[in-house]
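The values are calculated or read from the model by the stated rules, or taken from the named source; none is laboratory data. Predicted model only: the values in this text are computed from it and were never measured. Glycine also receives a Cβ, built like all others from the backbone with ideal geometry; neighbour counts cover every protein chain displayed. Protein only, heavy atoms only, side chains kept; ligands, DNA and RNA dropped before computing areas. Shrake-Rupley method; radii C 1.70, N 1.55, O 1.52, S 1.80 Å.
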Amino acid sequence: KCNIAGKYVICATQMLESMCENPLPTRAEMTDVANAVFDGADATMLSGETANGAFPAKAVATMAAINANAELGIDYWQQYAFLHRGNAGTHTITTLEASLANVALSSVEFSADKDGDGVISADETVPIVVLTEDGVAADLITKYRPPSAVFVATNSQHVVNHTNVRFGQIPVLLGEGEGNIAGAVKAASEVAKKHGIPFEEGNKVLVVSCKNDGFVHIAAVAHTVTVSGGAYTPAPTEPMPTTYVDPGVLNTVVSKRGTRISLEDILTPAECFRKTKTVCTMGPKCWDEETMRALLREGMGVARFNFSHGDHEAQQAVLDRYREACKKEGAAMEEELGLDYTPHWACLLDTKGPEIRTAMLRDHEPIYLEKNQPITVEAVGDAYTEFQGYKTDEETRIGLSYAKLCQSVRPGNKLLFADGSLCIEVLEILDDRNLKGRVLNDKKLGERKNGNLPGVKVELDVLQPKDINDVQNFCCKNEMDFIAASFVQTGEDVQLIRKVLDEAGGQNVQIISKIENEEGVANIDAILKYSDGIMVARGDLGMEIPSQKVALAQKMLITKANVAGRFAICATQMLESMCDNPLPTRAEMLDVANAVFDGADATMLSGETANGAFPAVAVSTMAAINANAELAKTSSASISFLRDFTQRPFTTIESAAASAAMGAVDCAAELIVVISGKGAAAKAMSKYRPPCPILVVTADAATARQTGAYFGQYAMKVDDLTSEKFAVDRFAPAITEAKALKLMKEWQGMKRTPSSLDLSKQPKPQTRGGNIIVIAGPDGGDADKHPVVSFL
């Protein structure tokens, strides 16, 4: 509303709260700042981070970097069209605003991704210089969010000060006699040099003045000029391009993020049935049976078993308790709700995966590393548990478990240790085993600290010997539902995991590829081809790529997974502060909601449930945020987006699912029933994000449990899909069970009138029974091969 009104808006409070004490923000904070930019904030604010924090300058630099990188992810065409359309039907804009809106549009039109890297950077835009005494003209231009810098050429100190809260504005204080195009261009070129903005030697610039070459007041005239040496000349006319450019080769991923929010959505409790699932990590604070049952009641759909810790005996005891808790809680729900079946929940094994660690140290004592000191890093491989690093007056040497270190890195690469708290720059590769580096910050280093190599393809197998043992002798043996494989880098990695699973009878185990480094991001298309789902594992990802890039990677990865029909889990530090507090920070609240807006099927809790003081509260908090975020989702826009970007021709199942999803929007259905033997039809239905719950009727226990990771799916496990017609009419068993599960409620039907497209102006809906859509086979049974869509 502020954007459309042309008023500036500041987003504030706990945006980088953890930087009061730490030099790096949490993953939730990284994405919260970026999402404020995507939401349209003109400015983001730091509070305690600068007032009382230990790293005030670092916090400012971090926020500035996240903001700058988020701006690279904005679709300026779409944004301009939205803001321009926001005027329609509400008021007639002034002629001044109309002319200045076209200046912003020209800036968008002049901008192009010339180097093909998928973003419009500063040297690919055309700067705007606007002469204004009161700042109004500059504010009207920045209302429409041009991708370029807006140089506000003014003789008013007040206007100069106010540019600091306006999107894109850069102040240019004019001296006596400079209130004209020539003076403004020359002064702006000097300011541009200080900001590193291309402005000289033939650069095109848009200059806005009044008709008589002065400050804009009532009317504005735009000039396209070429600047050289601070002087300007009219830009020459260029021939129109005649080459068609395929948008598919522009190297970009368009996000389907879109929201529609009413005042009622904000002020009243959410009554919709939550469709975004919750994954919870097991640990000492939640692995007793009573707490597990509490997590199930509060909304846990999948229990995550982290095999970076513990042995098989300990993990088996937890799994046995979890399954007993599921059995008891399912029986309690069956009795309480009057169900004819017992609900199911899923479990997930998360592999330790390939890792890089520092070696032992002499006398097992930490060593203090100082900024700029030289250091030798030795690739000792498997001997890292025996090698002893040291610091003497002559030399500092540490060992690393990664044997191919010197073959993988190059001078200029960074080595990160202890969750990124220590950084070493590679200066020289000495030989196949040793490299020379420089320490970039003061840090006390201990033994066996984790390491990351940003931007480096690590030559380690995705499944280490321990992982293969865990997968085959625990996951498959216990018929677990999912494996989350750490540090997947290629499609071949996923194929290897599938082979290892199948060899041990794990054909029903679904593979979740954890994307944790640059290589995984780069190869996401091949990874998705062979995966059942992905996890945006922001912990290591935030070490492997710059923190300011995490939000961009999250959006791209989730969008690609959505289009590919693979489920996506967003993970790491989502409600981190709830390890110690009963309420999340503001950044965390927004991070969870924005994961829903991005298209996540599930959000995950790690330390919040494994080691936190309030595990059940954390689950209920996440579930509540997810449910409320879903109120803002625009189903029709999501369905259209997914249909547009899905490869043609569609399969029969996908065509049926897409049609059913749009049908659910058109008739305001309150339930979709899918009869699915192995889940194929149900997965296709989840892909298209219908606005109502999906009841999956299946005779396969694994398929029933695995609904816990898929958007909108809830399972009804039956003995045999051919024994009866489960959704032949409104009194069939599936419909009865849906009502018992409260998937259906007293429904407010939408009464449309042809004369009004504004749904907020529709007459108050009438209460009646809701529509139901059924996807089943021709005989009313399994829809996985030959789906038929019907309406009840």
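Would you mind telling me which numbered condition in (1) open to solvent by 20 Å² or more (accessible area, probe 1.4 Å); (2) assigned to a helix (DSSP H, G or I); (3) over 27 Å from A12 (Cβ atoms); (4) among the aliphatic types (A, V, I, L, M) A624 fails?
The single condition A624 does not satisfy is (3).
Can you find, within region 450-468, the residue that is modelled with the lowest pLDDT among those that are open to solvent by less than 10 Å² (accessible area, probe 1.4 Å) and not in a loop (DSSP other than H, G, I, E, B)?
Among those that are open to solvent by less than 10 Å² (accessible area, probe 1.4 Å) and not in a loop (DSSP other than H, G, I, E, B), it is N452.
Could you pull out the residue among A188, A222 that is surrounded by 15 or more Cβ atoms within 10 Å (Cβ to Cβ), touching a helix residue (DSSP H, G or I) at 6+ places or on another chain (Cβ under 6 Å) and closer than 27 Å to Y80 by Cα? Please lay out each step first, then the result.
Working: A188 fails: touching a helix residue (DSSP H, G or I) at 6+ places or on another chain (Cβ under 6 Å).
On inspection, the qualifying residue turns out to be A222.
List every residue pair whose Cβ atoms sit under 7 Å apart, with the two residues 6 or more apart in sequence or on different chains, where the first one lies in region 730-742 and is open to solvent by less than 20 Å² (accessible area, probe 1.4 Å) and the second, anywhere, is modelled with pLDDT of 90 or more.
Partner pairs satisfying both residue conditions: A734/V673; A734/L695; A734/V697; A734/M716; I735/I772; E737/M716; A738/L671; A738/L695.
The conditions are (1) in a helix (DSSP H, G or I); (2) of a type in the set (G, A, S); (3) in contact with an Asp or Glu (Cβ under 8 Å, 6 or more places away or on another chain), and G663 fails exactly one of them. Which is it?
(3)
Among the numbered criteria (1) assigned to a loop (DSSP other than H, G, I, E, B); (2) buried (at least 18 other Cβ atoms within 10 Å of the Cβ), which one does V471 miss?
For V471, the failing item is (1).
Looking only at region 542-557, which residues are within 12 Å of the chain's Cα centre (by Cα) and in contact (Cβ under 8 Å) with a residue 60 or more places away in the chain?
Of everything in region 542-557, those that are within 12 Å of the chain's Cα centre (by Cα) and in contact (Cβ under 8 Å) with a residue 60 or more places away in the chain turn out to be K549, V550, A551, L552, Q554, K555, M556.
For region 623-637, indicate whether the set of residues that are over 29 Å from E737 (Cβ atoms), modelled with pLDDT of 95 or more and within 22 Å of the chain's Cα centre (by Cα) is non-empty.
no
With the requirement that a residue be in a helix (DSSP H, G or I), open to solvent by less than 20 Å² (accessible area, probe 1.4 Å) and within 13 Å of A564 (Cα to Cα), what does region 631-653 give you?
If the condition is that a residue be in a helix (DSSP H, G or I), open to solvent by less than 20 Å² (accessible area, probe 1.4 Å) and within 13 Å of A564 (Cα to Cα), then L642 is the only one that fits.
Let's see how each residue does on (1) open to solvent by 50 Å² or more (accessible area, probe 1.4 Å); (2) at pLDDT 95 or above; (3) farther than 21 Å from Y710 by Cβ:
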residue: C286; (1), (2), (3): no, yes, yes
residue: E290; (1), (2), (3): yes, yes, yes
residue: R297; (1), (2), (3): yes, yes, no
residue: G301; (1), (2), (3): no, yes, no
residue: H309; (1), (2), (3): yes, no, yes
residue: K328; (1), (2), (3): yes, yes, yes
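Take A669 and tell me if it is open to solvent by 20 Å² or more (accessible area, probe 1.4 Å) and modelled with pLDDT of 90 or more.
no
Going through S148, S156 one at a time, which residue ends up being among the polar types (S, T, N, Q) and either surrounded by fewer than 21 Cβ atoms within 10 Å (Cβ to Cβ) or at pLDDT 95 or above (or both)? It would help to see each step written out before you state the result.
On the way: S148 fails: either surrounded by fewer than 21 Cβ atoms within 10 Å (Cβ to Cβ) or at pLDDT 95 or above (or both).
The unique qualifying residue is S156.
Would you say A600 is among the aliphatic types (A, V, I, L, M), touching a residue at least 24 places away in the same chain (Cβ under 8 Å), buried (at least 24 other Cβ atoms within 10 Å of the Cβ) and outside any strand (DSSP E or B)?
yes
I want to confirm something. Restricting to region 1-36 and keeping residues that are exposed (fewer than 15 other Cβ atoms within 10 Å of the Cβ), over 17 Å from M574 (Cα atoms) and at pLDDT 95 or above, which single residue is nearest to the chain's Cα centre (by Cα)?
A12
Which residues, counting only those in region 41-69, are under 16 Å from A587 (Cα atoms) and crowded, with 18+ Cβ neighbours inside 10 Å?
Correct list: A41, T44, L46, E49, A59, T62, M63, I66.
Inspect region 273-283 for any residue being within 15 Å of L631 (Cα to Cα) and either more than 23 Å from the chain's Cα centre (by Cα) or at pLDDT below 75 (or both) and give the result as yes or no.
The answer is no; no qualifying residue exists.
Between a residue in region 367-385 that is over 21 Å from R433 (Cα atoms) and any residue that is exposed (fewer than 14 other Cβ atoms within 10 Å of the Cβ) and not aromatic (F, W, Y), which pairs come within a Cβ distance under 8 Å, given they are 6 or more apart or on different chains?
Qualifying pairs under 8 Å: I367/K444; Y368/D442; Y368/K444; L369/D442; L369/K444; E370/D442; K371/N441; K371/D442.
Inside region 773-788, can you point out the residues that are open to solvent by less than 50 Å² (accessible area, probe 1.4 Å) and within 35 Å of the chain's Cα centre (by Cα)? Can you show your working first?
Step one: list which residues in region 773-788 are open to solvent by less than 50 Å² (accessible area, probe 1.4 Å), which gives 773-777, 780-781, 783-784, 787.
Across region 773-788, the qualifying residues are I773, V774, I775, A776, A783, D784, P787.
Okay, residues lined up against (1) among the hydroxyl-bearing types (S, T, Y); (2) at positive phi; (3) in contact with a Lys or Arg (Cβ under 9 Å, 6 or more places away or on another chain); (4) buried (at least 24 other Cβ atoms within 10 Å of the Cβ):
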{"position": "A484", "(1), (2), (3), (4)": "no, no, yes, yes"}
{"position": "R498", "(1), (2), (3), (4)": "no, no, no, no"}
{"position": "E503", "(1), (2), (3), (4)": "no, no, no, no"}
{"position": "K514", "(1), (2), (3), (4)": "no, no, no, yes"}
{"position": "I524", "(1), (2), (3), (4)": "no, no, yes, no"}
{"position": "L528", "(1), (2), (3), (4)": "no, no, yes, no"}
{"position": "D532", "(1), (2), (3), (4)": "no, no, yes, no"}
{"position": "R538", "(1), (2), (3), (4)": "no, no, yes, yes"}
{"position": "C570", "(1), (2), (3), (4)": "no, no, yes, yes"}
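Looking at (1) over 18 Å from T736 (Cα atoms); (2) among the aliphatic types (A, V, I, L, M); (3) open to solvent by 10 Å² or more (accessible area, probe 1.4 Å), which is the one condition that is false for A658?
Just one mismatch for A658, condition (3).
Report every pair of residues separated by at least 6 positions or lying on different chains whose Cβ atoms are under 8 Å apart, first residue within region 264-277 and charged (D, E, K, R), second surrounded by 10 or more Cβ atoms within 10 Å (Cβ to Cβ) and at pLDDT below 85.
Close Cβ pairs (under 8 Å, with a partner that is surrounded by 10 or more Cβ atoms within 10 Å (Cβ to Cβ) and at pLDDT below 85) amount to E271/K745.
Being part of a loop (DSSP other than H, G, I, E, B) and not aliphatic (A, V, I, L, M) is the filter here, so list the residues in region 49-83 that pass it. Lay out the reasoning, then the answer.
Residues of region 49-83 that are part of a loop (DSSP other than H, G, I, E, B), as a first pass: 52-55, 73-75.
Within region 49-83, N52, G53, F55, G73, D75 meet the criteria.
Would you pick out the residues in region 672-684 that are open to solvent by 10 Å² or more (accessible area, probe 1.4 Å) and part of a helix (DSSP H, G or I)? Spell out how you get there, then give the answer.
Initially, region 672-684 is screened for residues open to solvent by 10 Å² or more (accessible area, probe 1.4 Å), giving 677-678, 680, 683-684.
Passing the criteria: A680, K683, A684.
V696 fails exactly one of the following numbered conditions: (1) open to solvent by less than 40 Å² (accessible area, probe 1.4 Å); (2) farther than 23 Å from Q507 by Cβ; (3) of a type outside the set (D, E). What is the number of that condition?
Exception for V696: condition (2).
Where the second residue is among the acidic types (D, E) and part of a loop (DSSP other than H, G, I, E, B) and the first is closer than 24 Å to K514 by Cβ and modelled with pLDDT of 95 or more and lies in region 568-585, which pairs have Cβ atoms under 7 Å and are six or more apart or on separate chains?
A568/D601; I569/D601
Filter region 540-552 down to residues that are of a type in the set (A, V, I, L, M) and open to solvent by 10 Å² or more (accessible area, probe 1.4 Å) and give me whichever is nearest to A64 (Cα to Cα).
This residue is L552.
For region 565-589, enumerate the residues that are assigned to a helix (DSSP H, G or I) and either in contact with a strand residue (DSSP E or B) (Cβ under 9 Å, 6 or more places away or on another chain) or among the charged types (D, E, K, R) (or both).
Once the filter is applied, which keeps residues that are assigned to a helix (DSSP H, G or I) and either in contact with a strand residue (DSSP E or B) (Cβ under 9 Å, 6 or more places away or on another chain) or among the charged types (D, E, K, R) (or both), region 565-589 yields E576, M578, R586, E588.
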